[in-house]
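Okay, so here's the structure we're looking at.
Derivation of every value follows stated rules applied to the coordinates shown; laboratory data play no part. This one's a predicted model, so the numbers in the text were calculated from it and none came from an experiment. Virtual Cβ from ideal backbone geometry, glycine too; neighbours counted across all protein chains shown.
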Amino acid sequence: MTEKIPNGKAESDATNLIEKAANLVDQGEYEQAEPHYQKALKIQEKILGPNTSEVACTLHDLAELYRNQGRYAEAEPLYQRSLGILEKTEGENSADVANLLNNYAELLLPGGAYAQAEAFYQRAVSIYEKVLGLDPTDFPQDISGIEVTPEGLDIPTEAKLIYINSLSGLGNLYRLLGNYNQAAGILDCALGMSEKVLGPDHPAVACALVNRGVLHKYQGQYEQALHLYQRARNIQENIFGENHPDLAPVLYNIAGSAHAQGRFAQAEPFVRKALALQERFQGSNHPDVAITLSTLGSILEGLQRCEEAESLYWRSIAILESAFGSEHRDVAMNLNNLAYLHQEKGDLKEAESLYRRALEIKDKILGPEHADVATTLNNLAVFYNTQQRYAEAEPLFERALMILTKAFGPNHPKVQALSANYKRLQRQLNKYPTE
């Protein structure tokens, strides 16, 4: 008995520490939360052993904390260890395993490990298909109305949310891969389910709204995107107020929608507020900060504040290369933007070098038929066209137009702009034929 009393108190202490840490995370106070998780983990490992479900859950919570801070290299081994423990203690098809797979996949997306992330999301979906007795050939499925498993067990809301998160993750992944139609069906299903299961004003619904809005923006449907962003913003501000870290992605995407339509002055205050929240809660060297810096640079470039824009692009590149190395899609995006600035300054040799480096990275990382590749192809073609290097511009225009038309159809704003560029080149070729 004398041994069980302190162990019971220690377990209670660990539980209290985890609760304190979770409350701090909800407030965005990540640095303050970390020592509580660390202390709780030490207690659990000492009194329960290193391979229990309780330890696995705390490892997972700590991994999530590190992911939110952009400490990906520290987070991954914790996910791996937690997964290994849960597979042994709860079985390979448990809800906790599915949830961990979703979050592990989220860790992999920023670095571009798309194949591994897809495998994790699909495995999580497969777990729920088995649990719920779903037909895997009928995917995605709305499970909001399913209340019990085939064995008669109740299905809690938390379990449905894990399935919704799997769908959202896959939808975002397919958007990143350029599979926009596939992404749309999955994200529509995830949004519809989240509203039915959680109600229209839940934070998870706000996330689903943003996910669907981003795809609308990619597809050139800017007003539809903005409507969803504004709805998500209202949900989050009503729940969290105006200074919560979860508000940053919404504000960032509102800015992105305005930027895509050339409304640069309107976009700037939104992106600056998003950046301030990210730097406050995630730190100034988080990869999310790098993406926002790049978008702010593009907005300032649109406002003809090119020196400010250039410094932001370079700062973004430094953060991204530190986190992921030099061959990353968002490094390429910054290089593409820098190329245009050098082109405008008349530094043509450097501009061409930057465009080609951006294209090389995108081709390698995303594949030769990705819509983001077409963006740099078009920009390099325009660059050649302005120098009357028409023979070099023409095949780039043709390839870019083929990629974007296949991805979006002929009525997308980017397709129409590229088509106009190509038609101008054709007129120039007739006027200045090349040998």
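Per residue, the convex hull spanned by the Cα atoms of region 149-232 measures out at 83 cubic angstrom.
With 0.36 nm allotted per residue and the present C-alpha distance subtracted, the Gln416-Ser12 stretch has 139.1 nm of extension available.
With the gyration tensor restricted to C-alpha atoms of region 230-320, the semi-axes of the equivalent ellipsoid amount to 22, 17, 8 Å, longest first. For the residue pairs Lys364/Lys406; Lys273/Lys362; Lys362/Lys423, alpha carbon separations beyond 28 Å are given by Lys273/Lys362. Remark: Tyr229, Tyr104, Tyr340 ranked as Tyr340, Tyr104, Tyr229, counting other beta-carbon atoms within 10 Å and listing the fewest first.
Size descriptor for region 344-390, Kirkwood hydrodynamic radius: 11.0 Å (Cα pairs only, one decimal). Principal-axis analysis of the Cα atoms of the chain puts helix 306-324 at an angle of about 40° to the longest axis.
How large is Rg/Rh for region 248-390, to two decimals, with Cα atoms and a Kirkwood Rh?
Numbers: Rg = 15.0 Å, Rh = 15.4 Å.
In region 248-390, Rg relative to Rh is 0.97.
Within region 326-435, the proportion of C-alpha pairs whose separation exceeds 26 Å stands at 15%. Averaging the inverse of every distinct alpha carbon separation and then flipping it gives the Kirkwood radius. What is it for the chain, in angstrom units? Value: 23.6 Å, from the Cα pair sum. Where only DSSP H runs of four or more residues are counted, the chain gives -26500 deg cm²/dmol as its mean residue ellipticity at 222 nm, each run worth -39500 (n - 2.57). By the rule of a C-alpha distance below 23 Å, with chain neighbours fewer than 8 residues away ignored, the lysines paired with Lys46 are Lys4, Lys9, Lys20, Lys88. As a proxy for reagent exposure, Tyr252, Tyr30 were ordered by neighbouring Cβ count within 10 angstrom, fewest first; the result is Tyr30, Tyr252. For Lys130, the aspartates and glutamates whose Cα falls under 19 Å of its own Cα, not counting residues fewer than eight places away in the same chain, are Glu87, Glu90, Glu92, Asp96, Glu118, Asp138, Asp142, Glu147, Glu151, Asp154, Glu158.
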